[in-house]
Structures are given as C-alpha cells and as structure tokens.
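*Asks:* Just dropping this structure here.
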Amino acid sequence: MCHFTRGIGSRGLFALLALATPALGQETPVVIELVLALDSSASVDALEFDLQNEGIARAFRDPEVLQAVDNLRPYGAAIAIVQWGGPGETQVVLPFTHIENARDAKAFGFRVSLVRRWMRASSTSIATGINDARGLIESNGFDGQRKVIDVSGDGPDNSSDDLEGARQQALASGITINGLSIEAEERALHDYYRARVIIGADSFVEPAEGFEDFARAMKEKLVRELRPLGS
C-alpha cells in the first residue's frame, strides 16, 4: 500500500522506504524495480510539469500498459517516483509500490494524478537524480530481476556534479538507465541522452516531441520496460 507524504530532501531520502519495505531481512521478488525520475528544474514551467505528471497517470490507465503489468504475474513490479533538480533537492513523491496486476496499476496512476510539485530547482543535475534514484533501489525491500532508472528531462545537465561517475556507479550496481528526452527547446536532446545519460544492457531513449507528447512517450517506454521474466 502506498502512503502519501510531503516531499523530502536527499538527506531524508530513505525515511520513506519503511512505508514500502517488507519485514526486516526479507526481500519481495519482482520482475523489475523501476524509479521514474521527473525533471523539476526551473526550465520546466507549471503547465509543463503538469503534463509530465498527467502523462504518467494516463500511461498507467493505458490498456497496453495494463496488459504489460498483468504479464508480470505472479511477481509484478516495484515502482517509485521522484522529482529531481539540483544537488540535495531530490523529492520522493511516491515510495516504492508493489504493482502486481492491472488493478494495482490503475490505482497507482490515480495516486500519481494527486501528486504535487515540490520544488522548482535552479539547476538541472541529472547526476543527482541518478544517484538518489540508485540509493532508493539499493535500499528498498524488493529484489528485482531488472533494476531501472528512468530519467525524464528537457535539457542537458548544467550542474557541477559528476554525471559520468553517476552513470558508472549505477552500472556497477546492476542498474540500467533509460531516458525520456522532452524535445521542447533542445531538438537534439535525444542524442545527448544517448551519449551522456543512458547506460546498461538494453538501455534506450524514448523521445517526446514536446511536453504534449509526454504521455505517449511514457506509455511506449513503459511497455518496453515492463516485459516478462526472461524476455
């Protein structure tokens, strides 16, 4: 069961894990552990951010996504959502939630529709988003056959953090990074994401032709990621 809480900074990032963690010493097997990491930097205005949020909610109502979730039985998926911006500003808005069937996916989509924006960060630190998402995956109560971080954003990293180091640490932890490049102002952003953001086995970029296309891109990306064991 997912609980709503106020957003927290990176220092308190792991406090929410107790809400979605099984009994101590036990890990729940799932097909995939997935963190959806959403850009909440200053380049994303209020309407654009709402299009991101609603795009995820719509994706979890889409028949193809619901079927993909059902195909993961009996293990299902564990999915969390964070908003990222500058260093120290990552917010967990939905902690890891066990999604076992289409009904769970619809409920998750409804919860997403209620999520609010917790910040408008001054910088775009993709490295921070990756590092904090990796920490969530490494510290939760699930054991996924696949571990994936999805980075959604509308621009390149402009912070002083070590993006390449963040990618390599994720790879060393067995985590794949996929990207959803929002081609609003940066028309070749998918090339940057391919070269500088994604990493790992079967990693890919799903471009969105602006924020209005985000829901379609998110749906297509989820269908590719939520694939059954052994596929």
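The values are calculated or read from the model by the stated rules, or taken from the named source; none is laboratory data. As the structure is a prediction and not an experimental result, all values here were calculated from the model. We place every Cβ from the backbone using ideal geometry, glycine too, and count neighbours over all the protein chains shown. Quick note on the areas: whole protein, heavy atoms, side chains included, nothing else; ligands and nucleic acids left out. Shrake-Rupley method; radii C 1.70, N 1.55, O 1.52, S 1.80 Å.
*Asks:* For the chain, which whole-number percentage of the solvent-accessible area (1.4 Å probe, protein heavy atoms only) is attributable to carbon and sulfur atoms?
*Replies:* Carbon and sulfur together cover 49 percent of it.
*Asks:* Given contacts defined as C-alpha pairs under 8 Å and at least six residues apart, what's the relative contact order of the chain, whole-number percent?
*Replies:* Worked out over the chain, it gives 26 percent.
*Asks:* How would you classify the stretch 105-151 from its alpha-carbon gyration tensor, with a ≥ b ≥ c the square roots of the eigenvalues: rounded for a/c under 1.5, else prolate if a/b is greater than b/c, otherwise oblate?
*Replies:* Judged from the Cα gyration tensor, the stretch 105-151 comes out oblate (a/c at least 1.5, b/c at or above a/b).
*Asks:* Taking the Cα centre as origin and putting +1 on Lys and Arg beta-carbons and -1 on Asp and Glu beta-carbons, what dipole magnitude results for the chain, to the nearest 20 debye?
*Replies:* Magnitude of the dipole: close to 700 debye.
*Asks:* Under 8 Å for C-alpha pairs, at least 6 residues apart: give me the relative contact order for the stretch 135-231, rounded to a whole percent.
*Replies:* 25
*Asks:* Report the relative contact order of the stretch 58-100, percent, no decimals, based on alpha-carbon pairs under 8 angstrom and at least 6 residues apart.
*Replies:* 37
*Asks:* What does the highest-first list of 165-172, 65-72, 95-102 look like by mean Cβ count within 10 Å?
*Replies:* So the peptides 165-172, 65-72, 95-102, ranked by packing, come out 95-102, 65-72, 165-172.
*Asks:* Now for a separate question. With every protein chain present, what is the per residue accessible area of the chain (1.4 Å probe, Å²)?
*Replies:* 42
*Asks:* Sort 27-36, 192-201 by the packing proxy (mean of other Cβ within 10 Å over each peptide's residues), most packed first.
*Replies:* 27-36, 192-201
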